[in-house]
Amino acid sequence: MPRGASEIPDLRLERLNKLITTFMTPPNLLLSNLFGSSESDSSTIKWESMQGNRGMTPFVPPGAPAPRYSPPGVAKHSAEAAYWKEKIYYDEEFLNNLRKEGTESQYLSAKSRLARDLLSLRGRCDRRKEWMIVKMITSGSISYLSQGGVKISVDYELPSDQNVTLTTDYKWESGTKRDILRDIMDAKIKISKSCNGKVDYALCNSTVLKFMALDPSIQTLLQKMAFGDGNLFKKVGGKIIGVNTKALGNLLDIDNFIVYDEQYVVTAWLTANVTADSTTDIYVDDITDFEEGGTLRFHDVSAGTYEDETISSVNVEGGYITVSAAPSTSYKAGEDKVTMTKPFLSDDKFTLFASKVDGQPIAEYKKAPFGLDRHYGIKTDTHEEWDPEGVWIRVQNKGLPVLYQRDAIYNLTVN
């Protein structure tokens with residue numbers, strides 16, 4: 001461009017970075033807002049975690065040396081920080097509208113789109129951070145790509161006896177011997193005995209909440225004659241419109257009973273053609289976040305149509321997804337795409353944790369330095385193209401969640 005994109009006020013780095021940092025982390029990204037953050041000296045993140053935390057200083061005779069204290073269950077961890085980034089391209093026409101004089105309506109339209117796009121990029125960047133923290137808490141591990149495309153898996157070593165899968169008879173939806181209150185009390189007692197932590201957070205999505213709200217034993221306890229004012233269900237004009245989670249939290253003595261329905265979308269482009277009623281192995285350019293059991297949506301980009309199939313397996317080494325049945329329409333490599341929409345919390349997970357033990361947070365997000373300027377946290381930069389004329393805007397971040405108290409978390413697979 002003759003005068004350069006740097007002359008456009010709205011594309012100056014100081015303005016872009018101010019705009020991107022103005023967008024606060026969305027309030028519905030719960031765990032990113034819950035745990036604090038600090039800076040790591042390098043991209044190699046090192047931390048220590050422990051199990052148990054209820055010791056007591058021993059008596060010793062006056063004048064005797066103090067016994068040495070060794071923290072219980074200490075484990076040392078080290079992993080390379082995860083790095084993620086994304087960019088968007090603006091062509092000459094868009095940029096000219098941004099700085100065109102005497103056409104305020106066009107200018108405002110382009111400026112509005114720029115703000116909207118940056119908000120979207122910021123949201124996607126924050127959602128990746130949230131994904132990592134949720135995976136750490138609810139699954140005990142995360143996987144991502146490091147330099148050279150090498151896959152890294154971080155195991156946070158959650159205690160196996162605090163990751164419980166209920167057997168058929170005890171499942172919350174239809175188990176003939178289900179006892180939801182006992183399961184939750186057992187989890188609370190286990191955390192208390194393990195690390196002296198008090199459970200102050202319970203997480204589930206609306207599907208699991210429905211299992212609880214329709215459970216006869218819970219309904220009986222929350223009847224007006226038995227507990228509080230009996231308002232388990234929210235009603236308008238006598239019609240049930242929701243569940244009063246505060247009543248459930250009071251019953252369970254859990255300060256923060258959170259129904260967490262936030263979702264994320266994974267997108268990948270086809271790298272091989274898909275033939276109608278024939279192809280079940282779907283090759284894509286990035287297989288990282290697809291999961292078995294998810295719904296794979298095939299998008300015919302030119303026609304604007306789509307169809308869904310269930311993912312039966314994911315072959316990371318082969319770079320393909322296998323679906324349970326071939327789609328009924330053909331799709332073209334390099335032109336069409338697939339997506340998977342997935343909740344952060346699955347429809348069968350109920351998670352409890354103590355956010356602090358002995359007054360200290362059980363987890364933290366460690367920011368890692370990146371770039372020649374050793375930048376910490378989310379960053380925006382630009383790159384100008386000469387032919388064809390245009391500008392790339394990039395958003396990037398680097399870091400890793402760490403867990404300090406491994407036995408302050410209890411995960412129930414309830415269905």
Restricting to region 377-415, what's the tally of residues that are among the aromatic types (Phe, Trp, Tyr), more than 30 Å from THR167 (Cβ to Cβ) and in contact with a Phe, Trp or Tyr (Cβ under 8 Å, 6 or more places away or on another chain)? 2
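Each row is one residue, and each column tells you yes or no for (1) in contact with an Asp or Glu (Cβ under 7 Å, 6 or more places away or on another chain); (2) of a type in the set (Ser, Thr, Tyr); (3) not assigned by TED's automatic domain parsing to the domain that holds PHE290.
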{"site": "TYR320", "(1), (2), (3)": "yes, yes, no"}
{"site": "SER328", "(1), (2), (3)": "yes, yes, no"}
{"site": "ASP336", "(1), (2), (3)": "yes, no, no"}
{"site": "THR339", "(1), (2), (3)": "no, yes, no"}
{"site": "ALA363", "(1), (2), (3)": "no, no, yes"}
{"site": "PRO369", "(1), (2), (3)": "no, no, yes"}
Residues being at pLDDT 70 or above and assigned to a loop (DSSP other than H, G, I, E, B) - total across region 16-69: 26
Are any of the residues in region 285-302 more than 22 Å from GLY318 (Cβ to Cβ), exposed (fewer than 12 other Cβ atoms within 10 Å of the Cβ) and in the same structural domain as ILE321 (by TED's automatic domain parsing)? yes
Any residue at all in region 329-340 that's under 30 Å from PHE35 (Cβ atoms) and surrounded by 14 or more Cβ atoms within 10 Å (Cβ to Cβ)? yes
Only residues that are exposed (fewer than 11 other Cβ atoms within 10 Å of the Cβ) and in a loop (DSSP other than H, G, I, E, B): list them for region 70-92, please. SER70
Among residues belonging to region 212-253 that are polar (S, T, N, Q) and in contact with a strand residue (DSSP E or B) (Cβ under 8 Å, 6 or more places away or on another chain), point out the one that is modelled with the lowest pLDDT. ASN244
Give the residue that is modelled with the lowest pLDDT, with candidates limited to residues of region 351-403 that are touching a Ser or Thr at 6+ places or on another chain (Cβ under 9 Å) and in a loop (DSSP other than H, G, I, E, B). ILE378
Quick check: is even one residue across region 369-380 more than 25 Å from HIS77 (Cα to Cα) and in contact (Cβ under 8 Å) with a residue 12 or more places away in the chain? yes
Would you confirm whether or not region 340-356 contains a residue that is more than 30 Å from ALA408 (Cβ to Cβ), in contact (Cβ under 8 Å) with a residue 60 or more places away in the chain and under 17 Å from the mean Cα position of the chain (by Cα)? yes
Starting from region 313-336, take each residue that is over 16 Å from THR275 (Cβ atoms) and in a loop (DSSP other than H, G, I, E, B) and list its partners that are at pLDDT 95 or above and of a type in the set (Asp, Glu), counting only C-beta distances under 7 angstrom and pairs at least six apart or across chains. SER324/GLU309
Consider GLU92 carefully, then state whether it is of a type in the set (Asp, Glu), on the phi < 0 side of the Ramachandran plot and at pLDDT 90 or above. no
Just the residues that are over 30 Å from ASP126 (Cβ atoms), of a type in the set (D, E, K, R) and not in a strand (DSSP E or B), please, taken from region 249-292. ASP253, ASP277
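The values are calculated or read from the model by the stated rules, or taken from the named source; none is laboratory data. Quick caveat, the model's predicted, so the values are computed rather than measured. Glycine gets a Cβ as well: all are built from the backbone with ideal geometry, and neighbour counts include every protein chain shown.
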